[in-house]
Amino acid sequence: MKRKLFIIAGIISIYLASVVTPGCKKINIVETTTTDVNIVGYLDKHLDSFSLFRQILERTGTAAFLNAYGAYTCFAPTNSGVTTYLKNIGASSVDAADINVLKDMVRLHLLGDTLYTSSFTDGKMPVITMYGQYLVTSVVNKAGISSYQINRQATVLNSNVKVGNGIIHVIDNVMTPATKTISQQLEANSNYSIFVQAMKETGYFDKLNVVNSDTSKRWITVLAENNQALADSGFTSYAALKAKYCKTGNPALANDSLNMYVAYHISQGLKFLGDIISTPTHETWLPQEVISVKLIDQDVVINQDEFNGVLEIGVKLDRTKSDNAATNGVWHDARAHFMVKYRKPTALYWDVSSFDEIKKLPAYYKKANYDFKRATEADNPIKDQYWGWGPLASTNTLSYVYSSASSITNYAYNNDVNMLPMGLPNRPIWWELRTPPIVKGKYKVWVCYRAQKQSSSSNMLCQVEVNGTLMQRTMNFTENRPSGTDAELEAIGWKRYTENTTNVFAARQVGVIEFTTTKQQIVRITPLNGTQNNNNLDMIHFIPIDQDQVLPRFRPDGTLIYQ
Amino acid sequence: MKTRLIILTSFLIILVAGLTGCKKWLDLKPQDGIIKEEFWKTKEQVQASVIGIYSSMMESSSGSYGSTTYVPSLSEQLFIWGECRADDIAAATATSADDIALINVNIQPTNVNTNWRPFYRTINFCNTVIEKAPEVLVTDNTFTQAQLDNYLSEALTIRALMYFYLVRTFGDVPMKLDATLSDEKITPIPKSSKDSVLMQIVADLKLAETKAVKTYGDVASDKGRVTVYTINTILADVYLWMDKYNECITECNKVINSGKFGLIRGASVNPPIYDYNDSWFNTLYFNGNSNEGIFELQYSLQRLNPFYSIFSSSVSSRRWVAAADLMDRVFSVDYTNDKNYDIRGDGASVRAATQTIWKYMGATATSLRTADQSYAHWFFYRYADVLLMKAEALNETGNGQGAIDIINTIRTRANALASTALTPAATDKYLIQEYILMEREREFCFEGKRWFDVLRNAKRNNYERLSLLLNMVAQSAPSNMQQSAQAKMKDKNSHYLPIYIYELQTNKLLVQNPFYK
């Protein structure tokens, strides 16, 4: 009995303990590390604006992965935008719409990376959409309020909403992908009928009418000429254009000028205006021919270049009519007719010591020495001359050396040279110079220098590369010109380029180069043996191989001698 | 006998104990500082607080640049707000993403350059003086009403100046006019409208003008502390910003007619004689406190300015350089005659060869300051500014010829080159506006004025000349963002910076500026 009582008491006490004591209450342990929501979570929180888009995500099966870990950018259209969109595709509700159309639409609104508005430019976004077309960004001002516009279709209402798995930009309209190719778009626009006719006859119409499944080859940029631009140049009909250019009778031939004309207006790659002006030249489908691009004030101007001191006026692209996205690229409107120019190779006698930066210092240019120092490796004081950082920081100085009296420059062209220390272990390890534009063709390259030895044992043997091609001969900044007649010297790759006959002014022919493209070329001088400061570079000559290599010679006062 | 000894000893012990330890054990006041209740007692303490206001404007930055806890120094912000959205500067090797965002017109509320903390810190110093200094009249009999008035004028003026920068940079800003003396007094406050802030600025300056001194008796104080002429000059600037031209002219005339200021002789050119004052740069910029200076932030050997590490061409951390085309576009160069140059160009404002912002970095026309010489003053106002402000107001009130005459005075002093001369008719208001703007760009290059100058002209008459801003941004924005940048500038809310994210988080009553939503 006693024992029973004891057991009952025990049971009661255990029961009481379990009921009364607080320790048994379930503690609410926070297992999440953040309360941030993901993209779908954000839409769920704001269903009053996004219920329809949320429904679309659900129906297309996208909701699950947008709620998981990742890094996405989502352009989320509001309900009013989706309503308009549904009306446009003729669907009464989300459920009634074609699922494939919806899937494509969603993919166009998703990027597999996080993109803040700070990376929006006047051109395409740096990352392609999941649909496979690029979106274009711009800014428009409506009634005094500026906002980002995506694909020229939707305005950003609320930007850079950061969520757990990416970024949301709220937009007011649904964007639709381009459905026509460049050819189809141009054909549909009667303003381009002559250009389209030329495209058809030359066979490019079909080439621009396909969407290549290989995305590295898919994108094409076309600079189309409208009928007015052609009419301004006297081509009022396709027949007139054909009469001018088509000499072989068959425009489909690659060597027919009409074919070349069209090819010259096509460039590989997806280049919106904002992208076009980021690069100075663009290669075209016409082999080895480039279009040069300049931004002059606000105009995008192509082929405005200076050759041998003559400025050739270029052609403007019409901003309002350009940036037309198609399924396989983009096309722009050129305000005037343009055609590739055939130039004869012309000699360039390049005075390397008359560069823009020294010309801006009238107290020094053709007056006194001036040192361009690079304090750090990242500095770049001279736009078109650069050098490999010398391990000893103080050697990273390019000196503009001028004097009409000193024996270093008294006979140099314009009395000035550029001097750069070079050579391992301490001094700069290469010297790179960007030339003015050189017309394509085959040239002999002459390096003209004032030989000097820093000390009697100094040596400075260099190799020269032009556009990365190693020249056949080396040259040496410490080596004087040998003696001999002009003909004898030329035979062994030397010449006297100054009026004065002193043999310290030497020109060394380092080799022959064929430029395949008319543009600015790159010369790089790399030391092979020795090291010293006094590397005095005066000029570099690029002379077409069939021209006189010895004359003209150059005087200190800047004039030329032709005989 | 023994008891007596014991009693005596215990008395002694109590005495010793009472004298030393006990009291302080119960005392909660800090032993190494002074507390508010004991501070505002003497006039010397008032003076120390007023000087503290100036000192607070020279406070160094804290935290490392690039981190989120970085608080810039005041003059760094003065430079950035006044120059970096304009067209005279360019990015350098250590320019941060936040800096580039200013150039690209891509500013986000997280941009550290929008941190206004140094301004409100100085404002709180001013508020403290305005609130507590009058109490000293009771406790210090040697402190006179006139002295109090002088000190109050300094605090009121600096506060107005700080708000003037804030209202021009952010538009609507929270207006705090009482002192935050303890943590309990930190309360969230909403923004006040631009107009009400400007009204307060004018009211403060008007009040300060009645209380201010004409001179402190020494040059350094006259240039570094607030005088009645400082107040007139700031008022002129404020009125010009508010489009009140007649009031602006009145204030300018007060400074001009005082006869206390003049232009430092720069160039006397009458071809073939080219005579330049060799000490012009040294007098005006290197040493500072010249006859031309009206109000300067006087950095010294003891308190260096923040510019060496962000401008000097000899450090790898430099953040800003001059725009590459600055010499060609702004000052221009006479290629045919090297004796003929604008004294404000190469070797004064800029060192063209290294693109260095030379005004704060140059020791002479060609040699750099060393790190320990980096005490170039920050120039809030110079006499040339008063003249050109008057010119601007004259032009707006229909006296174009008066404006042109003043421009020519400024141009002659510096030998501005003929290629930069415009020849506007006296009635051609627009062209004269542009001429003044160009001349101000040359004269005050890198003095933190360019952006405000362009914005002031652009916003006049309900943004009648918005094109000035658009043209400027077309120059300075990178080519692939030019059109976007321009389109943004068409929204007038974009002309004001966003409120820094930290402020939004700590002051829940603040609403972000509309453009940045």
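The values are calculated or read from the model by the stated rules, or taken from the named source; none is laboratory data. Model, not experiment: these values are computed from the prediction. In this analysis, Cβ positions are derived from the backbone assuming ideal geometry, glycine residues included, and neighbour counts consider all displayed protein chains.
Quickly run through segment A:53-66 and pick out the residues that are in contact with a Leu (Cβ under 8 Å, 6 or more places away or on another chain) and not aromatic (Phe, Trp, Tyr).
Our first condition is that a residue be in contact with a Leu (Cβ under 8 Å, 6 or more places away or on another chain); within segment A:53-66, this holds for A:53-54, A:56-57, A:59-60, A:62-63, A:66.
The answer is A:ARG54, A:ILE56, A:LEU57, A:ARG59, A:THR60, A:THR62, A:ALA63, A:LEU66.
Contact map, segment B:105-122: residues that are charged (D, E, K, R) paired with residues that are part of a helix (DSSP H, G or I), Cβ distance under 7 Å, separation 6+ or inter-chain. Pairs shown: B:ARG121/B:SER56. Of all residues in segment B:355-367, none that is under 17 Å from B:PHE331 (Cβ atoms) and surrounded by fewer than 15 Cβ atoms within 10 Å (Cβ to Cβ) has its Cβ atom under 7 Å from the Cβ atom of a residue that is at pLDDT below 90 and aromatic (Phe, Trp, Tyr), 6 or more apart or on another chain.
Listed conditions (1) crowded, with 17+ Cβ neighbours inside 10 Å; (2) of a type outside the set (S, T, N, Q); (3) in contact (Cβ under 8 Å) with a residue 60 or more places away in the chain are all met by A:LEU424, apart from (1).
What tally of residues in segment B:87-116 results from selecting those that are modelled with pLDDT of 90 or more, in a helix (DSSP H, G or I) and among the polar types (S, T, N, Q)? So the count comes out to 2. Any chance segment B:259-274 includes a residue that's within 14 Å of chain A (Cβ to nearest Cβ) and under 30 Å from B:SER419 (Cα atoms)? Yes, segment B:259-274 contains at least one residue that is within 14 Å of chain A (Cβ to nearest Cβ) and under 30 Å from B:SER419 (Cα atoms).
Name the residues in segment A:96-143 that are in a helix (DSSP H, G or I), among the basic types (Lys, Arg) and free of Cβ contacts under 8 Å to residues at least 40 places away in the same chain, would you? Break it down into steps so the answer makes sense when it comes.
So in segment A:96-143, the residues in a helix (DSSP H, G or I) come out as A:99-108, A:117-119.
Now drop any that are not among the basic types (Lys, Arg), which leaves A:103, A:107.
Matches in segment A:96-143: A:ARG107 only.
Taking segment A:427-437 as the range and being over 30 Å from A:ARG343 (Cβ atoms) and in contact (Cβ under 8 Å) with a residue 60 or more places away in the chain as the test, the residues that pass are A:ARG427, A:ILE429, A:TRP430. In segment B:171-191, the count of residues that are free of Cβ contacts under 8 Å to residues at least 24 places away in the same chain and closer than 23 Å to B:ASN232 by Cβ is zero. For segment A:119-156, a residue qualifies if it is charged (D, E, K, R) and either surrounded by 21 or more Cβ atoms within 10 Å (Cβ to Cβ) or more than 11 Å from chain B (Cβ to nearest Cβ) (or both), and the qualifying residues are A:ASP122, A:LYS124, A:ARG152.
Across segment B:380-398, the qualifying residues are those that are assigned to a strand (DSSP E or B) and not basic (Lys, Arg), and the one among them that is surrounded by the fewest Cβ atoms within 10 Å (Cβ to Cβ) is B:PHE380. Residue under question is B:ALA487, and the condition is that it be part of a helix (DSSP H, G or I) and either closer than 28 Å to A:ASP275 by Cα or of a type in the set (Val, Ile, Thr) (or both); does it hold? Here the answer is yes, as B:ALA487 does meet what is asked. Looking only at residues in segment A:359-373 that are of a type in the set (Lys, Arg) and touching a helix residue (DSSP H, G or I) at 6+ places or on another chain (Cβ under 9 Å), the one that is nearest to the other protein chains (Cβ to nearest Cβ) is A:LYS360.
Only residues that are of a type in the set (A, V, I, L, M, F, W, C) and within 14 Å of another protein chain (Cβ to nearest Cβ) were counted in segment B:352-411, giving 7.
Within segment A:144-161, if we keep just the residues that are small (Gly, Ala, Ser) and free of Cβ contacts under 8 Å to residues at least 40 places away in the same chain, the residue that is farthest from A:ASN79 (Cα to Cα) turns out to be A:GLY144. Of the residues in segment A:379-389, at least one is within 8 Å of chain B (Cβ to nearest Cβ) and either over 27 Å from the mean Cα position of the chain (by Cα) or part of a loop (DSSP other than H, G, I, E, B) (or both). Of the set (1) at positive phi; (2) within 14 Å of chain B (Cβ to nearest Cβ); (3) not polar (S, T, N, Q), all apply to A:GLY234 but (2). Somewhere in segment B:328-335, is a residue among the aromatic types (Phe, Trp, Tyr), over 29 Å from B:GLU464 (Cα atoms) and in contact with a Ser or Thr (Cβ under 8 Å, 6 or more places away or on another chain)? No, segment B:328-335 has no match at all. Of the set (1) among the aromatic types (Phe, Trp, Tyr); (2) in contact with a His (Cβ under 8 Å, 6 or more places away or on another chain); (3) within 14 Å of another protein chain (Cβ to nearest Cβ), all apply to B:TYR299 but (3). On inspection, B:VAL315 passes the criterion of being within 11 Å of chain A (Cβ to nearest Cβ), more than 21 Å from B:ALA86 (Cβ to Cβ) and of a type in the set (A, V, I, L, M).
Mind checking which residues of segment B:481-506 are among the acidic types (Asp, Glu) and within 22 Å of the chain's Cα centre (by Cα)? Before the answer, list the steps.
First, pick out the residues of segment B:481-506 that are among the acidic types (Asp, Glu): B:491, B:503.
The answer is B:GLU503, and nothing else.
If we only count strands (runs of 3 or more DSSP E) wholly inside segment B:259-345, which ones have 2 or more residues that are surrounded by 15 or more Cβ atoms within 10 Å (Cβ to Cβ) and in contact with a helix residue (DSSP H, G or I) (Cβ under 7 Å, 6 or more places away or on another chain)?
Details: elements: B:267-270, B:273-276, B:293-297, B:320-322.
So the answer is B:293-297.
Filtered by the rule that a residue be without any contact (Cβ under 8 Å) to a residue 40 or more places away in the chain and either over 28 Å from the mean Cα position of the chain (by Cα) or more than 14 Å from chain B (Cβ to nearest Cβ) (or both), segment A:339-358 gives A:LYS341, A:TYR342. All told, B:GLU441 falls short of being more than 14 Å from chain A (Cβ to nearest Cβ) and surrounded by fewer than 19 Cβ atoms within 10 Å (Cβ to Cβ).
Of the listed requirements (1) within 23 Å of A:GLN197 (Cα to Cα); (2) of a type outside the set (Val, Ile, Thr); (3) outside any loop (DSSP other than H, G, I, E, B); (4) without any contact (Cβ under 8 Å) to a residue 12 or more places away in the chain, A:TRP331 misses just one: (4).
Residues of segment B:462-517 being charged (D, E, K, R) and within 9 Å of another protein chain (Cβ to nearest Cβ), which ones? Step through it out loud before you land on a result.
Step one: of segment B:462-517, the residues charged (D, E, K, R) are B:464-465, B:488, B:490-492, B:503, B:508, B:517.
Result: B:LYS488, B:LYS490, B:ASP491, B:LYS492, B:LYS517.
Is at least one residue of segment B:314-328 among the acidic types (Asp, Glu), more than 22 Å from the chain's Cα centre (by Cα) and not assigned by TED's automatic domain parsing to the domain that holds B:THR157? Checked against the condition, which is being among the acidic types (Asp, Glu), more than 22 Å from the chain's Cα centre (by Cα) and not assigned by TED's automatic domain parsing to the domain that holds B:THR157, segment B:314-328 yields at least one hit. B:ARG440 meets the conditions (1) modelled with pLDDT of 95 or more; (2) outside any helix (DSSP H, G or I) in every case but one. The failed one is (2). Selection within segment B:45-86: residues that are assigned to a helix (DSSP H, G or I) and aromatic (Phe, Trp, Tyr). The member of this set that is surrounded by the fewest Cβ atoms within 10 Å (Cβ to Cβ) is B:TYR54.
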